[in-house]
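As structure tokens, the structure follows; a few thoughts come after it.
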Amino acid sequence: MATTRKKKKPTVCLVLQGGGALGAYHIGAYQALTEAGYTPDWFAGISIGALNAAILAGNTPEKRLGQLEAFWERISRPGTDIDIPPFFAQAFNSVSAQQALMFGQPDFFTPRPVNPWLAPAGEGATSFYDTTPLFSTLSDLADFDMISKGAARLTVGATRVTDGELVFFDSKTDTIEPAHAVASGSLPPGFPATKIGEDHYWDGGVVSNTPLNGILDLADDEELLIFMVDLWNANGELPQTMSEVLWREKEIQYASRSCEHIEALVAKRNLDQILATSPEIIASQQVPDKTSLSVGKKIDIVHITFDPLQGHIPLSDAEFSRRSIRLRRDSGYADMKQAIEESPWTQDNEGLPAHFYRRHRDGSWLEKKPQTKLQTKPQNKSQDKSQDKSQDKALDEAS
């Protein structure tokens, strides 16, 4: 029987990935999380995740879910939550997505009156849609003064256009306004860059579609329990049609970098721990130029990912029908509820400080344990053998 760790309450973080209309999955995930008593202390998001995170952070806990629901009601059209036969879902979703591309979404974005290819140089020539309505929507549904006062921490990521740097805006050090969340979702060429200060920003997903590395860089010396809710799955079936090819391409594009970042960050923190607690490795001079080592704080990352629903299309991320919003929300609720019920992070798993639990499509959990074995050069054969033994022993014990 698994034992549980009895320690002080960690900082609970909710990390929301970008993915357009797929972001309705976040609603259900948040609902299940809070019903289980895991009220987030820190929200972070990129793109649609930043918009959802801003609304959650900008309201008191009892109002958060209602305001998030109101947001998705406002940016979708009435009369689009209808019962249809499963075989008709793909056609229905295609019509819905084409409607968004042609007419935009209410209180979100509207088409430019002049095609940007024909417009004079300037903002109107840099995007197909205008996001002005989104500023008002966010101002109506989120209290940005509350965010500044720090009731809950908020971090959003956006890409600075002029140098390509992913910049994280954090309510602990920055005065967050609607523009910061809009900037995080300003995906070109659909949306124009958003100005903050003297700089212009595009969607954070242009560089990285998850704000996890921002949270880890900004966190103080505290334990973290991070619920990471993704909308794109790096694992999938071999496509059999052109529609499946286009969808699979998007999944890989937006998911693979997320997985790589997580595993690299976990491996680095675990390696730091091994070096800090294994003086024989450091004394062997196999770790050159290492000037300071410290024991890392405990970090548990729980990763759930949206799986495509029946009838999905390559433009599912632009398909905002209320029917699809409801189904995606239900999926997020079910997945997070399962994660809470199984709680893999509560098992006695001492040793390395960072753990990454990923939920598979079949519902099983896998704890990722990235390789942390040091790559070293021997000083002489006899010394190399003894150093390898001590290094392997330290790594095995830590694992």
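The values are calculated or read from the model by the stated rules, or taken from the named source; none is laboratory data. For clarity, every value in this text was computed on a predicted model and none was experimentally measured. Please note: Cβ atoms are built from the backbone with ideal geometry, for glycine as well, and neighbour counts cover all protein chains shown. Calculation scope for accessible area: heavy atoms of the full protein, side chains included, ligands and nucleic acids excluded. Shrake-Rupley method; radii C 1.70, N 1.55, O 1.52, S 1.80 Å.
Considering only residues that are under 27 Å from Asn270 (Cβ atoms), in a loop (DSSP other than H, G, I, E, B) and open to solvent by less than 50 Å² (accessible area, probe 1.4 Å), which ones fall in segment 307-352? Ser343, Asn349, Gly351, Leu352 - these are the residues of segment 307-352 that are under 27 Å from Asn270 (Cβ atoms), in a loop (DSSP other than H, G, I, E, B) and open to solvent by less than 50 Å² (accessible area, probe 1.4 Å). Which of the residues that make up segment 54-72 are among the small types (Gly, Ala, Ser) and surrounded by 16 or more Cβ atoms within 10 Å (Cβ to Cβ)? Scanning segment 54-72 gives Ala54, Ala57, Gly58. Check segment 76-83 and report whether any residue there is over 27 Å from the mean Cα position of the chain (by Cα) and hydroxyl-bearing (Ser, Thr, Tyr). Yes, that holds for at least one residue.
Can you tell me which residues in segment 136-155 are open to solvent by 20 Å² or more (accessible area, probe 1.4 Å) and in contact with a strand residue (DSSP E or B) (Cβ under 9 Å, 6 or more places away or on another chain)? Hit for segment 136-155 is Arg153, nothing else. Among the residues of segment 325-348, those identified as in contact (Cβ under 8 Å) with a residue 40 or more places away in the chain and among the polar types (S, T, N, Q) are Ser331, Thr346, Gln347. Candidates in segment 207-222 are the residues that are surrounded by fewer than 20 Cβ atoms within 10 Å (Cβ to Cβ) and either over 19 Å from the mean Cα position of the chain (by Cα) or among the β-branched types (Val, Ile, Thr) (or both); of these, the one that is modelled with the lowest pLDDT is Asp221.
Here Phe92 clears all of (1) out of contact with any Gly (no Cβ under 9 Å at 6 or more places or on another chain); (2) open to solvent by less than 70 Å² (accessible area, probe 1.4 Å); (3) in contact (Cβ under 8 Å) with a residue 40 or more places away in the chain except the condition numbered (1).
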